Amino acid sequence: MGYNEKELQEAYDHYKTEAEVQLNPDYNARQTIIGDNPEDTKDHNYGNNDVIGPDARHGTHVAGIIGADRNNDLGMKGVADNVKILVVRAVPDGDERDKDVANAIRYAVDNGAQIINMSFGKAYSPQKEAVDEAVKYAESKNVLLVHAAGNESQNTDVEPNFPNRKLKSGTEPNNWIEVGALSWEPNKVANFSNYGKKGVDLFSPGVALYSTVPGSKYEELDGTSMAAPVVAGVAALVKSYFPKITAAQLRQLLIESTVKFPEQQVNQPGGEGQVAFGELSNSGGEVNAYNAVKLALEWEKAGKIK
């Protein structure tokens, strides 16, 4: 079997990078590229304006679900019409560090974000206090946090997914909403979706969502990463018409306005058999934009939204 010069060079480059970076315990990418100490959570003076990174497919897809142009007759329509996207990249590729999550939340809040979509998660959080403080900071600034529940088919009441709203102090903020993924298939719930009677608030579509990707293209992707921006988009839609609604009210409204079918039997994510849909989240419901706007109008008429 013969190899041409291009193939040999590609193989050489691949294994050279693997040896020097991926398999090198002394390689410190943070120090080499960014110049910060990842263990110092008080350090905020680092990073750059490269939001594309090694791959912008995931983030571009998420952004399109929230706010792709609804009037250009191209591809698909985002959930919200009157919305601006502030792009903050918390991780280049892979599990994000707590320090970066905390600083990303603070940066978004300080730069005017009113709703923060967080389509990422992990199974551990060694610096959770820093993230908790950032979550509380967002709460103090009246900013809603929308988080994807994760794709491990796990009960997050038993197997935690981070970041989450369960602060180490034992309290929970009122500006956090956790989102599981639904499927268009008859079993309703996406087989990969995490769930939790206490930890997940509601579900939204997360299978085969068609949205934007780099290069002026469109693709179908699956994940709670796709379900969360549907909810963030509905939140932005409501906020655009009712700008005085608080983050806590917005969270409550999104949950109360869900289409509820708690007794419906759905497939158990990741397992065999069925379970009542109401056992998979605390609302037993699916996000619904029409209901959310309708309820907001009722609240405004009643003087609940000042």
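The values are calculated or read from the model by the stated rules, or taken from the named source; none is laboratory data. What you see is a predicted model; the values in this text were computed from it and never measured. Note that each Cβ is placed from the backbone with ideal geometry, even for glycine, and that neighbours are counted across all protein chains shown.
For segment 169-190, what are the residues that are more than 16 Å from the chain's Cα centre (by Cα) and within 18 Å of L253 (Cα to Cα)?
Scanning segment 169-190 gives E172, P173, N174.
Exactly one condition in (1) at pLDDT 95 or above; (2) in a loop (DSSP other than H, G, I, E, B); (3) within 20 Å of A227 (Cα to Cα) is not met by G94; state its number.
(1)
Does V259 qualify as being surrounded by 15 or more Cβ atoms within 10 Å (Cβ to Cβ) and of a type in the set (V, I, T)?
no
I'd like the full set of residues that are under 15 Å from M226 (Cβ atoms) and either in a loop (DSSP other than H, G, I, E, B) or not assigned by TED's automatic domain parsing to the domain that holds A227 (or both), limited to segment 33-74.
Within segment 33-74, just A68 meets the criteria.
Got at least one residue in segment 238-251 being more than 18 Å from I115 (Cβ to Cβ) and either hydroxyl-bearing (S, T, Y) or in contact with a Phe, Trp or Tyr (Cβ under 8 Å, 6 or more places away or on another chain) (or both)?
No, there is no match, as no residue in segment 238-251 is more than 18 Å from I115 (Cβ to Cβ) and either hydroxyl-bearing (S, T, Y) or in contact with a Phe, Trp or Tyr (Cβ under 8 Å, 6 or more places away or on another chain) (or both).
Search segment 116-130 for residues being touching a strand residue (DSSP E or B) at 6+ places or on another chain (Cβ under 9 Å) and part of a loop (DSSP other than H, G, I, E, B), and hand back the single one that is surrounded by the most Cβ atoms within 10 Å (Cβ to Cβ).
Once the filter is applied, the top-ranked residue is G121.
With respect to N82, is the statement that it is polar (S, T, N, Q), in contact (Cβ under 8 Å) with a residue 24 or more places away in the chain and part of a loop (DSSP other than H, G, I, E, B) true?
yes
Condition test on A113, is it modelled with pLDDT of 85 or more and touching a strand residue (DSSP E or B) at 6+ places or on another chain (Cβ under 9 Å)?
Spelling it out, it is not the case that A113 is modelled with pLDDT of 85 or more and touching a strand residue (DSSP E or B) at 6+ places or on another chain (Cβ under 9 Å).
Against the definition (assigned to a loop (DSSP other than H, G, I, E, B), surrounded by 19 or more Cβ atoms within 10 Å (Cβ to Cβ) and in the same structural domain as R97 (by TED's automatic domain parsing)), how does N174 come out, yes or no?
Considered against the rule, which asks whether it is assigned to a loop (DSSP other than H, G, I, E, B), surrounded by 19 or more Cβ atoms within 10 Å (Cβ to Cβ) and in the same structural domain as R97 (by TED's automatic domain parsing), N174 comes out as no.
Of a type in the set (D, E, K, R), touching a Leu at 6+ places or on another chain (Cβ under 7 Å) and modelled with pLDDT of 95 or more, is that true of E256?
Details: of a type in the set (D, E, K, R): yes; touching a Leu at 6+ places or on another chain (Cβ under 7 Å): yes; modelled with pLDDT of 95 or more: yes.
Here the answer is yes, as E256 does meet what is asked.
When the residues of segment 131-161 are narrowed to those that are in a strand (DSSP E or B) and in contact with a helix residue (DSSP H, G or I) (Cβ under 7 Å, 6 or more places away or on another chain), which ends up farthest from G112 (Cα to Cα)? Give the derivation first.
Taking segment 131-161 and keeping what is in a strand (DSSP E or B), we get 144-148, 155.
Remaining after also requiring in contact with a helix residue (DSSP H, G or I) (Cβ under 7 Å, 6 or more places away or on another chain): 144-148.
Working: L144: 12, L145: 13, V146: 16, H147: 19, A148: 22 Å.
Filtering first and then ranking leaves A148.
I'm told V275 meets every condition in (1) part of a loop (DSSP other than H, G, I, E, B); (2) surrounded by fewer than 18 Cβ atoms within 10 Å (Cβ to Cβ); (3) of a type outside the set (S, T, Y); (4) in the same structural domain as K188 (by TED's automatic domain parsing) except one. Can you identify the failing condition by its number?
Of (1) part of a loop (DSSP other than H, G, I, E, B); (2) surrounded by fewer than 18 Cβ atoms within 10 Å (Cβ to Cβ); (3) of a type outside the set (S, T, Y); (4) in the same structural domain as K188 (by TED's automatic domain parsing), only one is false for V275: (1).
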